[in-house]
Amino acid sequence: MADVPLDADRFGQDGVLVVPGLLDEAEIAALRARAEWVASGQAEHVAAARLQVEPRVARGEEHADNYADSLRKMSHIAFCDEVFAAHARNEKILDVIEALLGPDLKLYQDQLFMKPPRVGSRQRYHQDAPLGFHIDPPDMVTCWAALDDATIDNGCLWMLPGTHCYGYIDQDEWHSYEEQALAGDLPAERPIELKAGDCSFHHGLILHSSRPNRSARRRRGYATHYVSARCRYTGNPEHNDALLVRGHSHEGCI
Ligand SMILES: O=C(O)CCC(=O)C(=O)O
C-alpha cells in the first residue's frame, strides 16, 4: 500500500476523515467533464432511471435553468461508465479505504450528488448502512470526492462525529437529530467544508446530512460506497453486483 498520511485512530473516534487535495486537477477535470455529459441526459450508456430530478423541480414548485441543474443525483454510474469506474478504482482512494477497512474491498454503490444551484435540496440526517446496503457487519466507508468547492453556503456535508459508535440508530432518533438541526440546536454537528479535489471519508453508521444549496454555485460530490469483501451479503443474491476493486473475494461473503 502507498504511504498515505492519515489518522486511522481519529477516524475510529470520529467516523469521518478529510484528505485534502487527494485528486489532482486532471482527475477533477475528467470527472467534471463526464458529469456534465451524463447530466445532460444525452449519454445513452447511462439509463435515464439513474438520474433523479430534485423533487420540488419535478413537481413544478421550483424551476432550474437547465436539465443538468435540475438533477438531485445520479446513481450506480460507476457500473456503466468507464470514467466513473476508473475513479472508483483510483489507487489513492483505495489506499485510504484499505487503511480503514482492510485489504479486500468491493464497491457496493456510487452516487453523484449534484446539489444544484438554488434548488439543491436538504439531505436529512441519516446513516448510510441501513439504507439499502445489505451487509453484515456494516463495515462500510464512503469516499465523498468534491468536484466543486463545498461550503456551508452551497450545502456541504454535516457530520455528527462519534455517532458511528452507536451501531444502528432507530430512525425515530434520526428524526429527532434532524429536528434539532433544523431548530439550530445541534451543537455537535460539524460542517465538512472542502476544496475541489479534497475527499472526505465517512463510516457507514455515522449520522450525517447536507443543507440546501441556495447559492448560485454548484456543489457536486461524488460518493463511492465501499464495503469489506469479508462482509456477508444479506440481500437477494440476484441483486448483488458489488465489484471487487482490491484484494480478494471470500467464499460465502459479498
Ligand atoms: O452529498 C450529499 O448531499 C449527501 C451525501 C450523502 O449522504 C452520502 O454521501 O452518504
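List the strands (runs of 3 or more DSSP E) that sit entirely inside the range 97-184 and contain at least 2 residues that are polar (S, T, N, Q) and modelled with pLDDT of 95 or more.
105-113
Tell me the residue from Pro191, Pro237, Pro187, Pro161 that is buried (at least 17 other Cβ atoms within 10 Å of the Cβ) and of a type outside the set (Lys, Arg), please.
Testing whether each residue is buried (at least 17 other Cβ atoms within 10 Å of the Cβ) and of a type outside the set (Lys, Arg) leaves just Pro161.
Any idea how many residues of the range 94-120 are of a type outside the set (Asp, Glu) and under 13 Å from the mean Cα position of the chain (by Cα)?
The number of residues fulfilling the criteria is 8.
What number of residues within the range 198-217 satisfy the criterion of being more than 10 Å from the ligand (Cβ to nearest atom) and either of a type in the set (S, T, N, Q) or at pLDDT below 95 (or both)?
1
Testing Thr142 on (1) within 10 Å of the ligand (Cβ to nearest atom); (2) buried (at least 18 other Cβ atoms within 10 Å of the Cβ); (3) within 13 Å of Ser210 (Cα to Cα), one condition comes back false. Which one is that?
Failing condition for Thr142: (3).
Filter the range 164-184 for residues that are of a type in the set (A, V, I, L, M, F, W, C) and open to solvent by less than 60 Å² (accessible area, probe 1.4 Å); which is nearest to Arg10 (Cα to Cα)?
Ile169
From Arg124, Arg118, Arg89, which residue is open to solvent by 20 Å² or more (accessible area, probe 1.4 Å) and within 10 Å of the ligand (Cβ to nearest atom)?
On inspection, the qualifying residue turns out to be Arg124.
Which of the residues belonging to the range 71-85 are buried (at least 23 other Cβ atoms within 10 Å of the Cβ) and either small (Gly, Ala, Ser) or touching a His at 6+ places or on another chain (Cβ under 9 Å) (or both)?
Ala78
From the list Glu82, Glu91, Glu98, Glu178, pick out the single residue that is farther than 23 Å from Ala39 by Cβ, charged (D, E, K, R) and without any contact (Cβ under 8 Å) to a residue 60 or more places away in the chain.
Glu178 is the lone residue from the list that is farther than 23 Å from Ala39 by Cβ, charged (D, E, K, R) and without any contact (Cβ under 8 Å) to a residue 60 or more places away in the chain.
Under 8 Å between Cβ atoms, which residue pairs at least 6 apart in sequence (or on different chains) link something in the range 24-53 that is closer than 20 Å to Lys115 by Cβ with a partner that is exposed (fewer than 10 other Cβ atoms within 10 Å of the Cβ)?
What qualifies is Gly41/Ala48.
Do you know which of the residues in the range 209-234 that are open to solvent by 10 Å² or more (accessible area, probe 1.4 Å) and in contact with a Phe, Trp or Tyr (Cβ under 8 Å, 6 or more places away or on another chain) is farthest from Ala99 (Cα to Cα)?
Of everything passing the filter in the range 209-234, Arg211 is farthest from Ala99 (Cα to Cα).
Looking only at the range 233-241, decide whether some residue is assigned to a strand (DSSP E or B), away from the ligand (no atom under 14 Å from the Cβ) and closer than 26 Å to Val119 by Cα.
No, there is no match, as no residue in the range 233-241 is assigned to a strand (DSSP E or B), away from the ligand (no atom under 14 Å from the Cβ) and closer than 26 Å to Val119 by Cα.
Please specify each residue of the range 149-192 satisfying the condition of being within 13 Å of the ligand (Cβ to nearest atom) and touching a Gly at 6+ places or on another chain (Cβ under 8 Å).
Those that are within 13 Å of the ligand (Cβ to nearest atom) and touching a Gly at 6+ places or on another chain (Cβ under 8 Å): Ala150, Asn154, Gly155, Leu157, Met159, His164.
Of everything in the range 31-66, what is among the hydrophobic types (A, V, I, L, M, F, W, C) and open to solvent by less than 50 Å² (accessible area, probe 1.4 Å)? Give them in sequence order.
Matches in the range 31-66: Leu31, Ala35, Val38, Ala39, Ala43, Val46, Leu51, Val53, Val57, Ala64.
The values are calculated or read from the model by the stated rules, or taken from the named source; none is laboratory data. All values derive from a computational prediction rather than experimental measurement. Here Cβ is always computed from backbone atoms with ideal geometry, including for glycine, and neighbour counts include all displayed protein chains. Please note that ligands, DNA and RNA were not included when accessible areas were found on the heavy atoms of the full protein model with its side chains. Shrake-Rupley method; radii C 1.70, N 1.55, O 1.52, S 1.80 Å.
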